[in-house]
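A.B. asks: Before I ask anything, here is the structure I am working with.
Nothing in this text is a laboratory measurement; each read-out follows from the coordinates by a stated rule. None of these values were measured; they are calculated from a predicted model. Here Cβ is always computed from backbone atoms with ideal geometry, including for glycine, and neighbour counts include all displayed protein chains.
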Amino acid sequence: MNFDSIVDVVNTLRSENGCPWDRAQTSESMKKYIIEEAYETVQAINDNAKKELCEELGDLLFQVVFQAQIAKEKGLFDINDVIDGICSKMINRHPHVFSGNSGEDEVGNKTAADEALNKWEDNKKKEKGYARQTDVLRAIPEALPALIRAEKVLFKAENAGLDMAEIDDTYVDPRMLAEEVRSVYDKPDEEKVGDIILKMTNISRKMQLNTEFSLTKSIEKFINKFEYIESSAEKNNLQLKVMSAENKKELWKPDVQSAADENK
């Protein structure tokens with residue numbers, strides 16, 4: 001089978017004699033599956049699960065072809081237009097590659113990589129017809145998870161010349177940010193909490209760390225620790241709700257984390 005095979009499968013599913021459920025779907029009703037399949041693909045990558053990754057990429061591809069088929073039925077565009085569009089976009093945004101003048105920088109050279117990224121951003125801005133960098137920031141979808149959107153906004157703002165580290169030390173110094181955390185603890189404020197999270201996201205970004213993935217890992221550690229403590233309570237015929245605070249603190253100590261992870 002090849003790419004045409006999945007196009008034929010989707011076309012058949014949507015045909016008059018196809019599947020009633022598939023025929024009833026719309027772009028709107030299917031959008032949640034794009035998100036779900038994208039996250040399942042990321043999970044397979046995180047798990048280094050090659051077989052599952054192959055399957056999830058297929059599921060994600062199915063969603064793309066399915067949406068294109070719906071658009072074709074409406075006379076908007078088809079899968080070939082999608083392919084033409086992405087190929088043209090990649091070529092136009094990589095003139096340093098496809099113009100025949102890729103430069104003499106070695107592969108993996110950070111300066112060359114940064115320059116390539118800057119060219120990408122500039123070409124995208126021209127392609128979209130954005131007059132100002134604000135247009136670029138507002139074009140970042142609100143539907144993105146907040147941490148991912150925050151990283152993109154901060155990066156693109158810095159790329160335009162506004163590095164928050166130059167005007168507010170709390171955007172780069174966690175020690176100074178700690179003072180803001182204390183002030184919010186004394187007087188809860190939703191807006192200030194949001195500011196703190198945004199600043200912590202920038203600190204993480206400056207350290208070349210992905211805030212979304214970092215938080216995901218910490219959540220998994222939390223669940224592992226919780227499972228370990230719950231299992232410990234069960235072994236002693238106890239419930240977490242009736243365990244003493246001292247026992248919980250003892251089991252929650254940092255050195256217990258390795259045991260919790262091993263127990264996973």
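A.B. asks: Calculated from the structure, Cα extents along the principal axes in Å equals which of [x] 66, 54, 40; [y] 57, 39, 36; [z] 58, 45, 39?
C.D. replies: Read-out from the structure maps to [x].
A.B. asks: If I fit a long axis through the Cα atoms of helix 3-13 and take the longest principal axis of the Cα atoms of the chain, what angle between them do I get, 0 to 90°, rounded to 10?
C.D. replies: 90 degrees
A.B. asks: So how do V153, V10 line up by other beta-carbon neighbours within 10 Å, fewest first?
C.D. replies: V153, V10
A.B. asks: What FRET efficiency comes out for T134 versus W21 if R0 is 30 angstrom and r is the Cβ-Cβ distance? Round to the nearest 0.05.
C.D. replies: Calculated transfer efficiency: 0.10.
A.B. asks: Relative contact order for the chain: what is it in percent, counting Cα pairs under 8 Å that are at least 6 residues apart?
C.D. replies: This gives 9 percent for the chain.
A.B. asks: Now for a separate question. Could I have the simple spin-label model distance between S99 and E191, label points 7 Å from Cα toward Cβ, reported in nm to one decimal?
C.D. replies: 4.6 nm
A.B. asks: Please state the Cα pair-distance histogram of segment 3-84 with 5 angstrom bins from zero: what percent is in each bin?
C.D. replies: 3, 15, 22, 23, 18, 11, 6, 2, 0
A.B. asks: If the chain between S244 and L57 were fully stretched, how many nm would it gain, using 0.36 nm times the residue separation less the Cα-Cα distance?
C.D. replies: Value of the extension gain: 62.6 nm.
A.B. asks: Another question about this same structure. Note down the relative contact order for segment 1-126 as a percent, whole number, built from C-alpha pairs under 8 angstrom at least six residues apart.
C.D. replies: 17 percent
A.B. asks: Now, a different point. Starting from 0.36 nm per residue, how many nanometres of slack lie between T12 and I86 once their C-alpha separation is accounted for?
C.D. replies: Extra length from T12 to I86 when fully extended: 24.1 nm.
A.B. asks: Could you give me the ³J(HN,Hα) list for segment 207-219, computed from phi with Karplus coefficients 6.51, -1.76, 1.60 and θ = phi - 60°, whole Hz, x at Gly and Pro?
C.D. replies: 8, 6, 10, 8, 4, 4, 5, 4, 5, 4, 5, 5, 5
A.B. asks: T170: net charge of surrounding residues, Cβ under 14 Å, Lys/Arg +1, Asp/Glu -1, itself excluded?
C.D. replies: -3
A.B. asks: For segment 185-197, in order, what is each residue's ³J(HN,Hα) by Karplus, 6.51 cos²θ - 1.76 cosθ + 1.60 with θ = phi - 60°, in whole Hz (x at glycine and Pro)?
C.D. replies: 4, 6, 9, x, 8, 4, 5, 5, 4, x, 4, 5, 5
A.B. asks: Sticking with this one: Which of the listed residues, Q63, M30, S88, is farthest toward the dipole's positive end in segment 1-123, when Lys, Arg count +1 and Asp, Glu count -1 at the beta-carbon?
C.D. replies: It is M30, whose Cα lies furthest towards the positive end.
A.B. asks: Can you tell me the convex hull volume per residue for segment 140-209, based on C-alpha atoms, in Å³ to the nearest whole number?
C.D. replies: 91 Å³
A.B. asks: What lysines could a cross-link reach from K156, if we take a straight Cα to Cα line under 23 Å and drop same-chain neighbours fewer than 8 places away?
C.D. replies: Correct list for K156: K89, K110, K119, K124, K125, K126, K128, K192, K199, K206.
A.B. asks: So how much slack lies between E220 and D78, counting 0.36 nm per residue of separation and subtracting their Cα-Cα distance, in nm?
C.D. replies: The E220-D78 span can extend by a further 47.1 nm.
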